[in-house]
Ligand SMILES: Cc1cc2nc3c(=O)[nH]c(=O)nc-3n(C[C@H](O)[C@H](O)[C@H](O)COP(=O)(O)OP(=O)(O)OC[C@H]3O[C@@H](n4cnc5c(N)ncnc54)[C@H](O)[C@@H]3O)c2cc1C
Ligand SMILES: Nc1ncnc2c1ncn2[C@@H]1O[C@H](COP(=O)(O)O)[C@@H](O)[C@H]1O
């Protein structure tokens, strides 16, 4: 059984820098100048899962990303990790896409690139974090999907068993191939890139596809194809006027206990006693 | 526009209905009033064995009309089947706004339904309102909650939005309300349903102590707790205070805490009376989940730690030193009271 696997990776501003993000009050735009872009962290887990399947069953792993041209860096990194091929969907006409238009564009890209047995994505992106692209991509591709997958195995050649993270619970599902799985970070630990990997990546194919290359309906891409649009943006102020407790550790502990009591918090046993 | 009214897609849980469903009903009533809308706020519940208990709960929480879809295949969440049922309901009734909890099921169902209906979905809203034209303005966080943006969907209907549990907080309670309850038959839909994904079952995590979302006091630990042994002291402190233990992401990776204890963008949103954070730096991703706490107390050994900017009480100290002193002090005081 050889598997043809596609992994969707998003290029995102590095989450370590989010504290430094500012907005331009006049233009109402987000300033992220100087913030480096990286592969969306959980998308590396999706890639790792794909690479492990390839090692086990054979086949091919293609990484796909819709982004401005600069994202070739992230795609080379993915190939350095072990992906065989990469495709960047890039066109000014794709800009301003919401999740429905993004997933449509990705779907058309994937349809152009081949027939995939499995499409893997991350659960959510670090920047937008809508977690909506996976389900919508599956809808455009007309394949079934599962979201928030923490573990999966092949039950038969045509069927996967998957464990899905629910709220304080784990759901078990069967899903038929071809399918899309959005994986969560507990699924594996992504491998590091090696110097050897980086060298090999330079010889791999990176295709850049624009709107004409992938056969899109113009009314479904970019801002035009997006049912949603964004209005005002703001950075909420969460600052509190803090009071500092100082002294020796013992003094601090005593002061803190007094503060807790003042806030109406009393030790557990006594609270239970109150009710009886 | 022919589309009218606000729907809340409620969610069945092991013990009844998820609290976020009630939070959404309260919000829906508020929106209805704000927009002077005529159509009743409608709760839609998909599940199994939906007896009177469910409709009573939904009415109490503000539903003015109820649609129950009761069928054994709906026992567990299955995205294809659930989306197929909702799609046909929506096409038949044409609501203008659909609100869902951004639970594991809702976060998956909303975009699936949105794609099937070709309409817009706003994910993880922290607030919403109607604008002058009556369109839904959904306020969504980006960059881990650092930035908030308004999302609108003016040319398509329904407008779909999800909200994380605990974000809205407020629940209303009307006693002895009555409203129409309709049971929607899905035999025809199921006859055509060719779902390629099926649920086999669900296993609930064993929970001990006070649930994080309901605790009056939360003791949260971060990477600065440094070891399993000190983490256990943090658990002891929470127990002594009758509170719950929360965490940032690193303690999960270290194996000190469980997924269900994480607070933040990809974890839980809490609003306890008191939050005590120890060894937590204050990343946007975490703050987003605890910013609504009443009193915020932070202990960090780095005086420049960003968590201090969002704290009411700042303590620059080593958590490992303060923890045993707090436990001892509280236990001693407690004995005083009991004797
Ligand atoms: C997509 C995405 C989603 C995320 N979602 C979440 C989420 O939902 N919730 C979440 O919490 N995180 C989330 N994160 C991670 C988040 O960005 C931060 O990395 C994380 O919150 C940091 O945790 P921390 O403060 O415990 O660790 P650190 O940032 O490492 O901070 C440790 C702190 O402990 C202090 N310290 C060290 N030793 C001691 C000591 N002995 N006594 C007292 N203080 C000490 C240090 O000064 C430091 O401030 C997410 C990240 C991404 C990319
Ligand atoms: N522009 C994109 N290019 C490639 N993959 C994407 C893109 N946007 C989202 N994805 C995939 O969809 C997942 C969820 O993203 P989101 O819906 O933005 O939270 C990500 O983890 C990626 O795997």
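The values are calculated or read from the model by the stated rules, or taken from the named source; none is laboratory data. Owing to the predicted nature of the structure, the values given are computational and were not obtained by experimental measurement. Cβ coordinates were reconstructed from backbone atoms using ideal geometry, including for glycine residues, and neighbour counts include every protein chain displayed.
Restricting the stretch A:9-43 to residues that are within 16 Å of ligand 1 (Cβ to nearest atom) and in a strand (DSSP E or B), which is farthest from the other protein chains (Cβ to nearest Cβ)?
By that ranking, first place goes to A:39.
Those residues that are assigned to a loop (DSSP other than H, G, I, E, B) and under 13 Å from the mean Cα position of the chain (by Cα), I need them from the stretch B:252-272; list them, please.
Answer for the stretch B:252-272, where residues must be assigned to a loop (DSSP other than H, G, I, E, B) and under 13 Å from the mean Cα position of the chain (by Cα): B:264, B:265, B:266, B:267, B:269, B:270, B:271.
Taking the condition of being more than 7 Å from chain B (Cβ to nearest Cβ) and either at pLDDT 95 or above or farther than 15 Å from residue B:313 by Cα (or both), how many residues in the stretch A:215-245 meet it?
13
Is it fair to say residue B:231 is in a loop (DSSP other than H, G, I, E, B) and either within 16 Å of ligand 2 (Cβ to nearest atom) or touching a helix residue (DSSP H, G or I) at 6+ places or on another chain (Cβ under 9 Å) (or both)?
For residue B:231, the condition - in a loop (DSSP other than H, G, I, E, B) and either within 16 Å of ligand 2 (Cβ to nearest atom) or touching a helix residue (DSSP H, G or I) at 6+ places or on another chain (Cβ under 9 Å) (or both) - is not met.
Can you say whether residue B:37 is touching a strand residue (DSSP E or B) at 6+ places or on another chain (Cβ under 9 Å) and surrounded by 19 or more Cβ atoms within 10 Å (Cβ to Cβ), as far as the supplied structure shows? Even if it seems obvious, please write down each step before you answer.
Values: touching a strand residue (DSSP E or B) at 6+ places or on another chain (Cβ under 9 Å): yes; surrounded by 19 or more Cβ atoms within 10 Å (Cβ to Cβ): no.
So residue B:37 does not fit the description; no.
Which one of the conditions (1) surrounded by 17 or more Cβ atoms within 10 Å (Cβ to Cβ); (2) within 30 Å of residue B:295 (Cα to Cα) does residue A:188 fail to meet, given that it meets all the rest?
All conditions are met except number (2).
Considering only the stretch B:264-283, state which residues are crowded, with 20+ Cβ neighbours inside 10 Å, more than 7 Å from ligand 1 (Cβ to nearest atom) and within 9 Å of chain A (Cβ to nearest Cβ).
Selection gives B:274, B:276.
Need the failing condition index for residue A:145 against (1) within 13 Å of ligand 2 (Cβ to nearest atom); (2) in contact (Cβ under 8 Å) with a residue 60 or more places away in the chain; (3) touching a strand residue (DSSP E or B) at 6+ places or on another chain (Cβ under 7 Å), just the number.
(2)
When you look at residue B:289, is it within 14 Å of ligand 1 (Cβ to nearest atom), part of a helix (DSSP H, G or I) and within 25 Å of residue A:242 (Cα to Cα), yes or no?
yes
Identify all residues within the stretch B:146-178 that are more than 7 Å from chain A (Cβ to nearest Cβ), in contact (Cβ under 8 Å) with a residue 12 or more places away in the chain and over 15 Å from the mean Cα position of the chain (by Cα); write none if there are none.
Once the filter is applied, which keeps residues that are more than 7 Å from chain A (Cβ to nearest Cβ), in contact (Cβ under 8 Å) with a residue 12 or more places away in the chain and over 15 Å from the mean Cα position of the chain (by Cα), the stretch B:146-178 yields B:154, B:157, B:158, B:159, B:160, B:172, B:173, B:174, B:175, B:177, B:178.
Being surrounded by fewer than 15 Cβ atoms within 10 Å (Cβ to Cβ), over 30 Å from residue B:237 (Cβ atoms) and out of contact with any strand residue (DSSP E or B) (no Cβ under 7 Å at 6 or more places or on another chain) is the filter here, so list the residues in the stretch B:188-213 that pass it.
B:188, B:191, B:192, B:193, B:194, listed by residue number.
Every residue in the stretch A:97-115 that is in a loop (DSSP other than H, G, I, E, B) and surrounded by fewer than 24 Cβ atoms within 10 Å (Cβ to Cβ), please.
Those that are in a loop (DSSP other than H, G, I, E, B) and surrounded by fewer than 24 Cβ atoms within 10 Å (Cβ to Cβ): A:97, A:114, A:115.
So residue A:71 clears everything in (1) within 12 Å of ligand 2 (Cβ to nearest atom); (2) within 14 Å of chain B (Cβ to nearest Cβ) except one condition, right? Which one?
(2)
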